[in-house]
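Here the structure comes first, spelled out in structure tokens, and everything after it is commentary.
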Amino acid sequence: MDKEIAKKRIDELRDILEYHAKKYYDEDEPEISDFEYDMLMNELKNLEKEFPDLITKDSMTQKVGGHVKEGFSQVVHEVPLQSLQDVFSIEELIEFDKRVRKQLKSNKDTDIDLSEGSNVELNYVVETKIDGLSVSLEYVNGEFVRGATRGNGLIR
């Protein structure tokens, strides 16, 4: 695919995904299935991977969907709450493992040899993703003080 066609499709996907994110997160009236949304998002991710210079900060791949609803007190999350990442193939699981190993390898506080070809075994638990409400619960000295939804990942 040439860059001009890719840009046109990326723009189209961003509009479609923004619309459906609003229907799902803000209006609680989804019009397509989670799977259909994930397939559109996956297509956008793949195009942006192939054409990284077309990635913009307002792309749905660069932010969490949904907006903070009016009427609720705002909470600033100390650590941004991100969306869970979907994988749809063994190849994507292998890529995930590579990213984990790379991140751990760059961590200067670990003495584990995670270089490619090492015999270090990492164990994962893989479960079917269940879409729903993400929540952050805050405790101080063992006492619950606040619960907040993910919101936009930074503010709820």
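The values are calculated or read from the model by the stated rules, or taken from the named source; none is laboratory data. Keep in mind that this is a model prediction, so the values were computed, not measured. In this analysis, Cβ positions are derived from the backbone assuming ideal geometry, glycine residues included, and neighbour counts consider all displayed protein chains.
Only one of the listed residues (Leu104, Leu47) is touching a Leu at 6+ places or on another chain (Cβ under 6 Å), modelled with pLDDT of 70 or more and either surrounded by 10 or more Cβ atoms within 10 Å (Cβ to Cβ) or not assigned by TED's automatic domain parsing to the domain that holds His20 (or both). That residue is Leu104.
Screening Leu93, Leu137 for residues that are modelled with pLDDT of 80 or more and assigned to a strand (DSSP E or B) leaves exactly one candidate, Leu137.
Considering only residues that are surrounded by 15 or more Cβ atoms within 10 Å (Cβ to Cβ) and closer than 16 Å to Gln62 by Cα, which ones fall in the stretch 1-17? The answer is Ile10, Leu13, Arg14, Ile16, Leu17. Looking at Val87, Val145, Val75, just one residue is surrounded by 12 or more Cβ atoms within 10 Å (Cβ to Cβ) and modelled with pLDDT of 75 or more, and that residue is Val87.
Annotation: Asn123 fulfils all but one of (1) assigned to a helix (DSSP H, G or I); (2) modelled with pLDDT of 80 or more; the unmet one is (1).
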